[in-house]
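**Q** Before I ask anything, here is the structure I am working with.
Coordinate-derived values only; no laboratory data. Bear in mind the structure is a predicted one, so any value in this text is a computation, not a measurement. Because the Cβ atoms are built from the backbone with ideal geometry, glycine has one as well, and the counts that use them run over all protein chains shown.
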Amino acid sequence: MKMLNTFLFGCLASLSVAAQADAIMIRGATVHTMSGDGVLENTDVFIAEGKVQRIGKDLPLAKGDVRVFDAGGKPLTPGLFAGVTAIGIAEVPAVEESTDTGHALQAMHPEFNVVPAYNPNSSLVPVTRIEGFSFTLLGPDTVGSIFGGQGQMVRLDGAYESFLGSPVLFINVGPDTNKLSGGSRAARWMLLQQAMQEADNPPVSTETALLTRAGRGTLSAFVAGGKVVFNVDRASDILETIRFAEKYGLDLVIAGGAEAWMVARELAAAKVPVLLNPLANLPANFDSLGARLNNAAMLEAAGVVIAISSGETHNARKQRQLAGNAVSYGLPHAEGIAALTINPANIFGVADQQGSIQADRPANLVLWSGDPLEVTSAAEVVVIDGKLIPMESRQTKLRDRYLPENPAMPRAYIKP
């Protein structure tokens, strides 16, 4: 019996050490909690067992193996939102078999879902996360389709089971869908109305149906609950989208919103959030003639919840630069950080896992060399789900392998 007790004690001790080995202490940071606690100066954050255990000044150092980082007053933020991307479902755009974002099916297919195609071993995952991004919203390619399909939030920890929240449906009412509705914007809304009616009352003949049985089931599920993202830019189309969503009880999010500032009051009244690109200031088409650089600032001032989303998969790490530009055009700095952290987390119902630094919440945070919205700043320490992320990617490995350390000539003269 004594030998058994000794054995059990040894096992418990080893488990304790193993658990403590993942512990992290960040000392003396300027903590942007993105919660009711605001910004905390010269504050420590202790992480263990995947969660933020304690936040405070001069925290005692726990016994055991603890990684300690002296922040020296540098900013500590939650992990950033990479926007709506195809990270993990699109590798090389020029290689067709490496891209799973869309389909060439002729009918409307809201049941199409990119989640089963997600590859956490994609080279884009570490490329993005070492720049301070801990989560993204996987989205299908909506170009050429009115119902783009479904996606979902995913944590960029490189694990297979990292999906967060509930599925999100994407609907495209941009100008590229006109050809799918006989060249008429009005006909596009007619088709959407018909699709929603089919979800409630399946047609007698499948020959005239717009949707499959699975598609009708998908739409019915999103009427019952679930975020629906409409890709729309023109102010009049945004108003029509709000009316459409209210008619069918859809939980609406606007993506794009180049002219959203024109209808900011209506968006705020309807409590509709907007995912936008603050650098969209030139008309790419007739739907975005009113694009302007202070769109984000005007929406925020009107009470609209905004989040940053450039839609770029391979350059998702530039998201914080977009937020910085929005700040330079009037968006309050704190709101710029919120648009990359707590706002998207709240919009898509994952605020219990992402977007803030709070005790007893999953630890997803980044220590920065300087202001995270400045282009000259960089992520120094990245923690996702309580684990310290190695600051390496395919790009850094190629750099370290092929860039000479002490070349005789400046880098501009080095030949491969």
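**Q** Considering only 120, 60, 75, give the residue with the highest GNM mean-square fluctuation for the chain, with springs between Cα atoms whenever their separation is below 10 Å.
**A** 60
**Q** Also, quick follow-up: May I ask you to derive the relative contact order of the chain, considering only C-alpha pairs under 8 Å and at least 6 residues apart, and to give it as an integer percent?
**A** 18 percent
**Q** Could you give each residue of the range 51-56 its phi-based ³J(HN,Hα) in whole Hz, using Karplus coefficients 6.51, -1.76, 1.60 with θ = phi - 60°, and x for Gly or Pro?
**A** Calculated HN-Hα couplings, in order: 10, 6, 8, 9, 10, x Hz.
**Q** Report, in deg cm²/dmol and to the nearest 500, the calculated mean residue ellipticity at 222 nm for the chain, where each DSSP H run with n ≥ 4 adds -39500 (n - 2.57) and the sum is divided by the residue count.
**A** My calculation for the chain gives -8000 deg cm²/dmol from helical runs alone.
**Q** Would you mind finding the longest exposed-site-free stretch of the chain, with exposed trypsin sites (Lys or Arg not before Pro) meaning DSSP loop and at most 14 other Cβ atoms within 10 Å?
**A** 64-270
**Q** Turning to a different aspect of this structure: Leaving out same-chain residues fewer than 8 places away, which lysines sit with a Cα under 28 Å from that of residue 179?
**A** Residue 179 reaches 227, 247.
**Q** Gaussian network model of the chain, Cα springs within a sub-10 Å range: biggest mean-square fluctuation belongs to which of 374, 207, 312?
**A** The residue that fluctuates most here is 207.
**Q** Most fluctuating residue of 130, 389, 306 in a GNM of the chain with Cα springs under 10 Å: which is it?
**A** So, out of 130, 389, 306, the one fluctuating most is 389.
**Q** Still on this structure, I have one more. Starting from the amide H of residue 89, placed 1.01 Å from N in the peptide plane, find each other amide H under 5 Å away whose residue is 5 or more places distant or on another chain.
**A** Here the answer is 119, since their amide H atoms fall under 5 Å of that of residue 89.
**Q** Using the Karplus curve 6.51 cos²θ - 1.76 cosθ + 1.60 with θ = phi - 60°, what ³J(HN,Hα) values do you get for each residue of the range 24-39, in whole Hz, with x for Gly and Pro?
**A** Along the range 24-39, the couplings run 9, 10, 10, 9, x, 9, 8, 8, 8, 6, 6, 9, x, 7, x, 9 Hz.
**Q** Let me ask another. Measuring from centroid to centroid over Cα atoms, what is the spacing of the range 173-248 and the range 33-78 in Å?
**A** Each part's Cα centre sits 47 Å from the other's.
**Q** Can you list, largest first and rounded to whole Å, the semi-axes you get for the chain by taking the square root of 5 times each eigenvalue of its Cα gyration tensor?
**A** Working from the Cα gyration tensor, I get semi-axes of 40, 26, 23 Å.
**Q** For residue 63, list the lysines whose Cα falls under 22 Å from its own Cα; do not include residues on the same chain fewer than 8 positions away.
**A** Cross-link targets: 51, 387.
**Q** List the residues whose amide H sits under 5 Å from the amide H of residue 136, counting only those 5 or more places along or on another chain, with H placed 1.01 Å from N in the peptide plane.
**A** For residue 136, the qualifying residues are 82, 154, 156.
**Q** Using 0.36 nm per residue, how much length does the chain from residue 49 to residue 159 gain when fully extended, once their Cα-Cα distance is taken away?
**A** Stretched out fully, the residue 49 to residue 159 stretch lengthens by 37.9 nm.
**Q** Ok, one more. With θ set to phi - 60°, apply the Karplus curve 6.51 cos²θ - 1.76 cosθ + 1.60 along the range 254-263 and write out the HN-Hα couplings as whole Hz, x wherever there is a Gly or Pro.
**A** 8, 10, x, x, 4, 9, 4, 4, 5, 10
**Q** Which of the lysines could a cross-linker bridge to residue 74, judged by Cα under 17 Å and excluding same-chain residues fewer than eight apart?
**A** In chain and number order, the partners are 57.
**Q** Roughly what would the spin-label model give for residue 67 and residue 184, points 7 Å off Cα along C-beta, in nm?
**A** With each label placed 7 Å out from Cα toward Cβ, I get 6.1 nm.
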